[in-house]
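To start, the structure under review is shown below, and the notes come after it.
Read-outs: derived from the displayed coordinates by stated rules, not from any lab. Only a predicted model underlies this, so the values are computations on that prediction, with no experimental measurement involved. All Cβ positions, even for glycine, are placed from backbone atoms using ideal geometry, and neighbour counts span all protein chains on display.
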Amino acid sequence: MCEESRNSEELVRDFLNLKYQLQFHIVPHEEQAAYKSKGVHVPDLLVVEKPHVAFEIKEDRMSSETKNLCFEVKCIRGLRRYAQKNDIHTVYLLYVNHLDYCLDVFQIGMGLARIEDELNLLVDKNEARYLQGGDYQDDMYVLPLAKARQLESCLTNKFFNDIDLFFFSKAAKLRLSK
């Protein structure tokens, strides 16, 4: 599992380094694991030139079968805890799905505008589900990928244009589909 996540982290890091000409670096997995028991989720990527921004990379392999994305509650809350303790103002979730292999960007929100609020509204309208699942039966929101891309917290089009996404998709499919 560690090798699989490292592969997607390196892919996203390299892509962002090329796109933005910044120094993105991967936080060592040992450092991430050290905080896990404290309910703190250390993000995967930090940026030297932007110390108040953090990125968490999620690879959703099941999306090829389900056409859904899942947002893990524990992860979102843990990222927010990390941000509050480390003067991080903005945290992004970057999803690599295995349906179209695009990179989707979601801002989790630190103040009043939070991704959970949007997801709860969709659950209330039966357009998303709140359930326990995954490897550890943790709480998560599950919604169709197309619906996730309509969230206000989805900022993919502010980060990337169609050409960026096309090239990322090609690279991701080659590197991650095995």
Filtering the stretch 52-86 down to residues that are assigned to a loop (DSSP other than H, G, I, E, B) and farther than 21 Å from LYS38 by Cα yields ARG61, MET62, LYS67
Would you mind listing the helices (runs of 4 or more DSSP H) fully within the stretch 129-178 where at least 2 residues are of a type outside the set (A, V, I, L, M, F, W, C) and within 14 Å of HIS98 (Cα to Cα)?
-> 162-176
Of all residues in the stretch 38-51, which are farther than 18 Å from ARG77 by Cα and either in a loop (DSSP other than H, G, I, E, B) or free of Cβ contacts under 8 Å to residues at least 12 places away in the same chain (or both)?
-> VAL48, GLU49
Can you tell me which residue in the stretch 12-65 is surrounded by the most Cβ atoms within 10 Å (Cβ to Cβ), limited to those that are over 23 Å from HIS98 (Cβ atoms) and of a type in the set (Val, Ile, Thr)?
-> VAL42
Provide a single number: the residues in the stretch 130-178 that are among the polar types (S, T, N, Q) and either without any contact (Cβ under 8 Å) to a residue 40 or more places away in the chain or touching a helix residue (DSSP H, G or I) at 6+ places or on another chain (Cβ under 6 Å) (or both).
-> 6
Those residues that are touching a residue at least 40 places away in the same chain (Cβ under 8 Å) and either polar (S, T, N, Q) or touching a helix residue (DSSP H, G or I) at 6+ places or on another chain (Cβ under 6 Å) (or both), I need them from the stretch 1-32; list them, please.
-> SER5, ASN7, SER8, LEU11, PHE15
Can you confirm whether the stretch 46-59 contains a residue that is of a type in the set (Lys, Arg) and under 21 Å from LEU151 (Cβ atoms)?
-> yes
Failed condition for TYR35, given (1) touching a residue at least 40 places away in the same chain (Cβ under 8 Å); (2) closer than 22 Å to LYS158 by Cβ; (3) in a helix (DSSP H, G or I); (4) not charged (D, E, K, R), with all others met?
-> (2)
Given (1) under 26 Å from LEU11 (Cβ atoms); (2) crowded, with 19+ Cβ neighbours inside 10 Å; (3) among the acidic types (Asp, Glu), where does GLU118 come up short, assuming only one miss?
-> (1)
Within the stretch 124-169, residues touching a Cys at 6+ places or on another chain (Cβ under 6 Å) and within 19 Å of GLY109 (Cα to Cα) come out as MET140, VAL142
Please determine, by comparing only the residues of the stretch 87-107 that are touching a residue at least 60 places away in the same chain (Cβ under 8 Å) and in a loop (DSSP other than H, G, I, E, B), which one is surrounded by the fewest Cβ atoms within 10 Å (Cβ to Cβ).
-> ASP100
